[in-house]
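Read the figures in this text as sums done on the coordinates, not as results from a lab. Being a predicted model, the structure only gives us computed values, none of them experimental. Heads up, the Cβs are rebuilt from the backbone with ideal geometry, glycines too, and the neighbour counts pull from every protein chain shown.
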Amino acid sequence: MKLYMPTKVYNEKGCVRQHSQELAALGTKALLVTGKHSSRVNGSLQDVKDALNREQVPYVVFDGIEENPSVETVMRATALGLSEKVDFVIGIGGGSPMDASKAIALMIANPEKKADFLYETDAAVKQAANKALPVAAVPTTAGTGSEVTPYAILTRIVMPKIELTTAAASETSTEAKAGELVKQSISHHIFPRACIGGFYVSADCFQNRLYQHGGGYVSTSGGEPFKHERYALQPCLQRDGSADLCKGKGCARFL
């Protein structure tokens, strides 16, 4: 299956391996953006590494993406990308790594800009800016949609304005407080060039027991059943990309 909207979407068994040339076509050196744990456990990071190695495309890994990634994390990844002279970015994981990869691609393409450029709203400034580096997404979760949307939600600190008032007898000021953390999409729209999908579940997922609970099969991490309506009766997604309805085999849990 192949879709274009305008992101090209590939979804099939062994998808990353099958479309290594699609990744290689994006540039000459990649920055792999991911979190610390799940992409290693479920095999997606290794699949991307193998695909790039097959195409003889060098890469560097930034695995410091946290849930609801911060602007500060994006800037740290940007610094790594600039020092390594990468020219495309691959986001591997759920919504957080994919969102962060778009922001990182924007900042690497505009090295003279500060972090506040992420939220620049002036149309002339945005139009004059260089385009972001090419981005590819390797999603390992269901539901965020970041692999086919132009949005990138980050956590930023919004400081209140400082207002100074000078009176005849005294000068008073309203000082900024510590600041407020808010989740907000960057003002720039960046579509991934390609979404190279696949089904990834962790190795320990296969050891979890399945229960029929609340009308559907759900997985457990510690052996006790829990109810999760969203994943009820979802296909059992195997490591090799094959699918089967849960009948005591594998696990229905998405990572």
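Taking amide H positions as placed in the peptide plane 1.01 Å from N, state which residues far from Tyr59 in sequence (5 or more) or on other chains have amide H under 5 Å from it.
Long-range HN contacts for Tyr59: Ala30.
Kindly rank 151-158, 31-38 from highest to lowest mean number of other beta carbons found within 10 Å of each residue.
31-38, 151-158
Give, rounded to the nearest 20 debye, the magnitude of the charge dipole that the stretch 61-152 has about its Cα centre when Lys and Arg contribute +1 at Cβ and Asp and Glu contribute -1 at Cβ.
Dipole magnitude for the stretch 61-152 comes out near 240 debye.
What is the order of Val89, Val60, Val74, Val148, fewest Cβ neighbours within 10 Å to most?
Val60, Val148, Val74, Val89
Of Lys102/Lys183; Lys131/Lys183; Lys8/Lys85; Lys102/Lys131; Lys29/Lys85; Lys29/Lys49, which ones are farther than 18 Å apart at the Cα?
With Cα atoms farther than 18 Å apart: Lys131/Lys183; Lys8/Lys85.
Please work out the FRET efficiency for the pair Lys29 and Arg76, using the Cβ-Cβ distance as r and a Förster radius of 22 Å; give the result to the nearest 0.05.
Working from the Cβ atoms, E equals 0.75.
Please list 9-18, 39-48 highest first by mean number of surrounding beta-carbon atoms within 10 Å per residue.
Listed from highest to lowest mean packing, they are 39-48, 9-18.
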